[in-house]
Amino acid sequence: MNFTKSFLLIAVLFISHSNLFSQQNYINGEVSDAKTKEPLMGANIVVNEMKGVGATSDQDGKFSLRVPAGSYSVTVSSIGYQTVVKTDVIVTTSSEAHVIVKMEETSIELGQIVVKADYFDKATKDNNLSTVVLGPEEIRRSPGSVQDFQRILQGMAGVSFSDDQSNELLVRGGSPNENLTVFDNMEIHSTNHYPNEYNSGGPINMINVDLIEDIQFSTGGFISKYGDKLSSVMNITSREGTRINPLKANFNLSMAGYGAIMESGINAGRGSWIISARKSFLDLITGGIGLSAVPKYYDIQFKAAYDLSGIHKLSWSGIYGNDKIFFNGEPESSDDSRAGMADSIGLERADVKQSQYATGLTLKSLWNKNFYSLATLYYNNYHNSVDVIENFTERFYNNSGNLSSSRILNKRPVYNDNHDNGQLTFKSEFVWNLSPSQELNFGGSVATANYTQKLFVSGDSARYFIDGQWSVPVIVPTTNPSYDIRLFENYKTYAYLNDKLKLFDDRMIINLGLRYDYFTYSKQGNVSPRLSVTYYLVPALTNLNFAYGEYYQSQSYPTYGDRYNSEVNRHLKNTHARHLVFGLEHILDDGLKLTVEGYYKAYSDIPVSETFINFNDRMLRSEQNLNLGKQKVYGFDVMLQQKLVKDIYGTISYSRMWARMEDPRLGRQGQNYASDYDFPHVFTAIVGKRFNGLRDKINSMPFYIKYPSYILPFSNDMEISLRWRFASGKPYTPYQYVTTEQHMEGGIKWGQGTWIPTDEINSVRYPDYHRLDISFNSRYNFEKWNLLLFLSIENLYNRKNIATYQYNSDGTVDNVYQYTLFPVAGVELEF
């Protein structure tokens, strides 16, 4: 019996033999002032699904509600504050749901206007522009996301994606390394498995959705607190462990791996700890799923928090990931086009080993009702080891096109990279409420990094057919550059100030900020002014938004380097982007929000290689980069977001974008072409429904409906959701096969020709992308434990989306496809 059949059998047994219990459990929570962080006493908390069930927060802002296991929403109200509704409150057997509520003061008087409750966590946002807030349940149930929050963010307005294999975020024409990731106040490069210095994305995220409190994602116009990135800010806050349970455990299993979560309280509720550990097991079932290169990875995430006193809280967070994958290049077993032929090809064997971690201490101090601070000391590190060997192989095919034999003609190393990139950082933030209408936010950071690298890059030989004869070979020699940048040799620092003003009875909110960044390694520094304005046409219902900002980003260490250690790129300027954003936000109904935004981004000082600038000189070899790149991006985004209200939720987003690069090539000045991340049209629609009591209803139906229904995870608490995505084809530069340029293949013979890019950069596009995903989530609450089953089917109608084209050395071209129909199943057990 294979893995999939075993999994389905276990699921059916659980479903068909479950005796469900109506256990009494708790919704516990904390209510605080969003500005001062002080606890709010006397706030009223009501469970919307249960009449007469409510509570009042105590002097510490805490409350507790006893309810049966199930899914709920709670409404929190207090005089002088805008009412807040928290959806997706999940209560499981013998466990509590913990709700954190931050409330914002309002000057609207009763009777003056009907103010709808806030479903969208406005009080937690730095500003109203281009920002969404997601909770763990929104991430868990989203179809096609496989519980990876970055894949959900790919469906937000203004966000594009390059392929199914990565969760990278392409925000409003920006590259995937322009996104700032903040994890528990630590600014880190990535939270993904298999990252690299040029991309904050990866195939799968290390963050466990069960350890998320919330995620705030901003696609532009962010305030001066954030910088050294050009396109977006992703602020991830992990949750604390339970403070009332002696020990709580969760075990999970899915097609991607297995794991466990443990959490408990410390010292009678003064603190808590929580830890998650997960490991992939695809390597154990490789034969059953037909994969030859199987990723192996595991991750650990933890958080401990302790109340040192009534005003000081210390927390310690961390995340660690370890990744391995081995690609063993093998000759194709069959190829009809090569029937009866023999050829030779370079087959690469790649051994990739990576690890990354971040850990830090944060001290939160509430000095008085008008002043609080955050201080964080953390260290993050990324290790990468890649070893690539080429086996130049001769292949022999029989008359049926099947591979009859092969032999290795030459074996040689082509690439080896072993490096560590670590950073030790201290950052502080201070918030001073000067008055009810003015908040001053200021702080800074000092970071020092180590970057060590030993690199081997094999040489290359090329010859060109000129004037009827072959040229003398142009040789790029094998190189072994190395770098050894130590801690405390160079520093990256920043300081910022943001003044938040509320005017005209809180109808207008202004954020005026200034930031300065400096990097001693490149000796580059920049001043970044920021401004954002929100004006409420109808208080708490309709507002206009505007933002302007100057943004700068330093280069990655590899960009500063070159293969000869000549330091020709060491003093590259920081890349610059100017943001202008205009928007309208309107609350249409309870939990239903419409957002429309237009934006303009002007890039300058983008590094461009000298080789590209001299595009027509095929014999030029240069390692120098020049700050000559310029790009303009403009467009508009529309998003309709429905929070879970009356068992319905969903999102519809549409983005229209134009992204053009100024052509820096000699003789082409003044012309432009589509940028690599130009996706003119991106549309995503997500719709979901929660079903209560569905299993009981199906069980009362005829047997020919009842028993076949056990194939799917129907329960009394379940959700079904759909997602459909469309994106314009990604632009690419067409290649042409020429025989007038030949490269040494396998280090032993000249090739017949080579593929070279045409001079029409990004002039054509891959076919348009679209796919449909469906997701099922079911919960079962037993007497002392509970079960969560989930099933997701990606690319339901099996669309063959093209990821790229593979250009072969013999002049042929193959399609490389993205994910076809792909089911993902999983189970979680909680005690």
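The values are calculated or read from the model by the stated rules, or taken from the named source; none is laboratory data. Being a predicted model, the structure only gives us computed values, none of them experimental. Cβ atoms come from the backbone with ideal geometry, glycine included; neighbour counts cover every protein chain shown. Surface accessibility is based on the protein's heavy atoms, side chains included, excluding ligands, DNA and RNA. Shrake-Rupley method; radii C 1.70, N 1.55, O 1.52, S 1.80 Å.
Values of log10 I(q)/I(0) for segment 596-679 across q = 0.16, 0.20 Å⁻¹ run -0.72, -0.93, by the Debye formula with one identical scatterer at each alpha carbon and no solvent. Projected label points at residue 435 and residue 400, each 7 Å from Cα along the beta carbon direction, are separated by 8.8 nanometres.
Taking 593, 697, 364 and ordering them by how much accessible surface each has at a 1.4 Å probe, largest first, produces 697, 364, 593.
For the chain, the fraction of 1.4 Å probe accessible surface lying on carbon and sulfur atoms is 57 percent.
Counting heavy atoms of the protein chains alone, residue 273 has an accessible area of about 90 Å² for a 1.4 Å probe. Compute the whole-percent fraction of alpha carbon pairs in segment 314-434 spaced more than 19 Å apart. When all Cα pairs of segment 314-434 are counted, 68 percent exceed 19 Å. The gain in end-to-end length when the residue 689 to residue 328 segment is fully stretched comes to 125.5 nm, 0.36 nm per residue minus the alpha carbon separation. Extent along the principal axes, Cα only, for segment 114-211: 50, 26, 26 Å, with the longest axis given first. Taking the Cβ of residue 302 as the centre, find all other residues whose Cβ is under 12 Å away and add up their charges (Lys, Arg: +1; Asp, Glu: -1). Result for the local shell: -2. With the whole protein complex present, residue 500 retains an accessible surface near 40 Å², based on a 1.4 Å probe.
Only protein heavy atoms count here; on that basis, with a 1.4 Å probe, residue 222 has an accessible area of about 10 Å².
Taking other residues whose beta carbon is less than 15 angstrom from the beta carbon of residue 464, and scoring Lys, Arg as +1 and Asp, Glu as -1, yields -1. With Cα atoms as the point set, the radius of gyration and Dmax of segment 306-348 evaluate to 28.0, 81 Å.
From the alpha carbon centroid of segment 426-465 to that of segment 231-283 is 28 Å.
Ranked by accessible surface with a 1.4 Å probe, highest first, in what order do 822, 488, 776 come?
Descending order: 488, 822, 776.
Along each principal axis, taking the top coordinate minus the bottom one, the Cα set of segment 451-535 gives 81, 41, 17 Å in descending order. Once each part is reduced to its C-alpha centroid, what is the distance from segment 789-831 to segment 665-701 in angstrom? Taking the Cα centre of each part, segment 789-831 and segment 665-701 sit 16 Å apart.
Give me the net charge for the shell around residue 715: Cβ to Cβ below 9 angstrom, other residues only, Lys and Arg +1, Asp and Glu -1. It would help to have the intermediate numbers written out before the result.
Details: positive: 695, 779; negative: 717.
Counting the neighbours of residue 715, the net charge comes to +1.
Taking 23 Å as the limit for the C-alpha separation, the pairs 37/427; 225/500; 37/500; 122/303; 122/427; 125/523 exceed it in the case of 122/303; 122/427; 125/523.
With the biggest extent put first, the Cα atoms of segment 142-296 measure 49, 49, 27 Å across the principal axes.
The alpha-carbon atoms of the chain define a convex hull whose volume equals 167 cubic angstrom per residue. Segment residue 735..residue 648, full-extension length gain: 26.5 nm, with 0.36 nm per residue of separation and the alpha-carbon distance subtracted. Going by accessible surface with a 1.4 Å probe and the largest first, 408, 300, 793 read 408, 300, 793.
Please give the Cα centre distance for segment 54-91 versus segment 514-532, rounded to the nearest Å. Centre-to-centre distance over Cα atoms comes out at 42 Å. Annotation: extensible slack from residue 471 through residue 51 equals 142.5 nm (criterion: 0.36 nm per residue apart, minus Cα-Cα distance).
Helix 3-16 axis versus longest C-alpha principal axis of the chain: approximately 10°, rounded to the nearest ten.
Roughly how many Å² is the accessible area per residue of the chain, as a whole number, for a 1.4 Å probe?
Values: 35670 Å² over 831 residues.
Result: 43 Å² of accessible area for each residue.
Extending 7 Å from Cα along the Cβ direction at residue 418 and again at residue 602 yields two label points whose distance is 4.9 nm.
Simple spin-label estimate for residue 341 and residue 75 gives 7.2 nm between the two label positions (7 Å along the Cα-to-Cβ direction from each Cα).
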